[in-house]
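The values are calculated or read from the model by the stated rules, or taken from the named source; none is laboratory data. As the structure is a prediction and not an experimental result, all values here were calculated from the model. Positions of Cβ are backbone-derived with ideal geometry, glycine not excepted, and every protein chain shown enters the neighbour counts. Calculation scope for accessible area: heavy atoms of the full protein, side chains included, ligands and nucleic acids excluded. Shrake-Rupley method; radii C 1.70, N 1.55, O 1.52, S 1.80 Å.
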Amino acid sequence: MEGAKTVIDAKMTALAPGLIDSHVHPVFGDWTPRQNQTGWIDSTLHGGVTTMISAGEVHLPGRPKDIVGLKALAITAQRTFSNFRPAGVKVLAGAPILESGMVEEDFKELAQAGVTLLGEVGLGSVKAGYEAKQMVSWARKYGIQSTIHTGGPSIPGSGLIDKDVVLEADADVIGHINGGHTSLSERHVCDLCEQSSRAIEIVHNGNERIAIAAAKAALELKCPHRVILGTDGPAGSGVQPLGILRMIAMLSSLANIPAELVICFATGNTARMRNLNCGLIETGRVADFVFMDKAQHTAGRTLLESIELGDIPGVGMVMIDGIIKCHRSRNTPPATNVPELVN
Ligand SMILES: [Zn+2]
């Protein structure tokens, strides 16, 4: 980069694109009312995550469900998170939860106001396939990307979205295909992988057995490029700052997928699906990086082998837009080697 002044000795650690969490539920800044915690995004930066994508600001106490109110909240969330990056992390937010009665004009208005995402379809009153399909297509027409909730209800008040509704709605992302937490049957999840061509999103706060089955199904169908990873946090299970790293180690070790491929699920795949200028290390892309090395005393001889054995890597440094945001992670097991500043 022209004008760069900082020189870093990587000390033979691995440089990966910053990890992308495809499914989070932020509210305001670095506070989550779900478990009443502050600093969860800062903690997640220490898990190598540089970009988070909102699947709806659903945890806001008193969240408005009338149409004017839900649009106002989405626009507010889009604005606040584009004006302020908690701990430097890029949070793409402002994802309205669809309610019955919305019309095409609402989607046009949202798009004109800067909204680019829908919250999980199915978390509001729009639960029927035909209704979801209509709204997803209006959203698509105005350049708004959609994600659908898949599986049983997440918390009291939400509902079941089954395989047929997911297929009919045809959202861009099959959100938490492994449930959040309660999953559809393994057969129905495999049917979704096969019968839909949309992104297959696997999350940490879901059913782990089905996570493995979905990843294997995607590979058998020769479409690893469709797999993207999220945490679905903050959730009833808490916040998991290392959630994406844990998904990488879990899928690599238990679904027997090469570690380098699973890292692509959480970086380049998500960036391509979400049209983001990160996720790959390439001239012209933003410099969002995570430096990783094998954790101290792992049985693996290399970083990749340690992941394939089920260990999470140690993060030694995280950089966003070319600026160092943290050095040795306070949350991962200690990396064997960490990068050093030369000047
Ligand atoms: Zn959900």
Gain in length, THR76 to ARG209, computed as 0.36 nm per residue apart minus the alpha-carbon separation, to one decimal in nm?
44.2 nm
What residues qualify as long-range amide H neighbours of PHE28, i.e. H under 5 Å apart, gap of 5 or more or another chain, H built at 1.01 Å from N?
none
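Mind pulling the per residue volume of the convex hull built on the Cα atoms of the stretch 104-213? Å³ is fine.
On the way: hull volume 10.2 nm³, N = 110.
In the stretch 104-213, the Cα hull volume divided by residue count equals 93 Å³.
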If one computes the Cα centroid of the stretch 193-239 and of the stretch 23-43, what distance in Å separates the two points?
23
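Taking 0.36 nm per residue of sequence separation and subtracting the Cα-Cα distance, how much length would be gained by fully extending the chain between ALA299 and ASN343, in nm to one decimal? Display every interim value, and only then the final one.
Details: separation 44, 0.36 × 44 = 15.84 nm, distance 3.39 nm.
This chain segment gains 12.4 nm when fully extended.
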When we measure straight from the Cα of LYS325, which aspartates and glutamates land under 13 angstrom away, once same-chain ones fewer than 8 places off are left out?
ASP42, ASP288
For ALA255, other-chain or 5+-apart residues with amide H closer than 5 Å (H placed, Pro excluded) are none
Of SER54, ALA95, PRO17, which is farthest along the charge dipole of the stretch 1-139 in the positive direction, counting Lys and Arg as +1 and Asp and Glu as -1 at C-beta?
PRO17
Pulled fully out, how much extra length does the chain show between LEU221 and MET12, if you take 0.36 nm times their separation in residues and subtract their Cα-Cα distance?
71.7 nm
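What is the antiparallel percent of DSSP beta bridges lying wholly in the chain, to the nearest 5?
50
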Based on Cα positions only, what radius of gyration and what Dmax would you give for the stretch 203-256, in angstroms?
11.3, 34
Antiparallel bridge percentage (DSSP; both residues within the stretch 101-219; nearest 5)
10
For the residue pair THR283 and ILE323, what label-to-label distance in nm results when each label sits 7 Å from Cα along the Cα-to-beta-carbon direction?
2.6
Counting only Cα atoms, I'd like the Rg/Rh figure for the stretch 21-180, Kirkwood definition for Rh.
0.95
Could you run the Karplus curve 6.51 cos²θ - 1.76 cosθ + 1.60 with θ = phi - 60° over the stretch 170-184 and give me ³J(HN,Hα) per residue in whole Hz, x for Gly and Pro?
6, 5, 5, 10, 7, x, 4, 4, 8, x, x, 8, 6, 8, 5
How many angstrom lie between the Cα centre of the stretch 286-328 and the Cα centre of the stretch 86-148?
35
Calculate the dipole size of the chain relative to its Cα centre from +1 charges on Lys and Arg beta carbons and -1 charges on Asp and Glu beta carbons; express the result in debye to the nearest 20.
400
Taking all protein chains as present, what is the carbon and sulfur share of the accessible area of the chain, in % to the nearest whole number, probe 1.4 Å?
53
List, largest first, the extents of the alpha carbons of the stretch 211-315 along their principal axes, each in whole Å.
37, 32, 31
Mind giving me the nanometre distance, one decimal, between the label points for ALA113 and LEU261, set 7 Å out from Cα along Cα→Cβ?
4.3
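I'd like the GluC sites (Glu not before Pro) in the stretch 258-336 restricted to DSSP loop residues with at most 11 other Cβ atoms within 10 Å, sorted by number. Write down the numbers at each step before the final one.
On the way: sites: GLU260, GLU282, GLU305, GLU308; in loops: GLU282.
Those that pass, being in a loop and sparsely packed, are GLU282.
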Taking a probe of 1.4 Å, how large is the accessible area per residue of the chain, in Å²?
40
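Can you tell me the convex hull volume per residue for the chain, based on C-alpha atoms, in Å³ to the nearest whole number? Please list the in-between numbers first.
Values: hull volume 42.4 nm³, N = 343.
Given the Cα convex hull of the chain, per-residue volume reads 124 Å³.
At 20 °C and 1.002 mPa s, grab the translational diffusion coefficient of the stretch 12-95 from Stokes-Einstein with a Kirkwood Rh over Cα pairs, rounded to a whole number in µm² per second. Don't skip to the answer; put the middle values down first.
Numbers: Rh = 13.3 Å.
Reported coefficient: 161 µm²/s.
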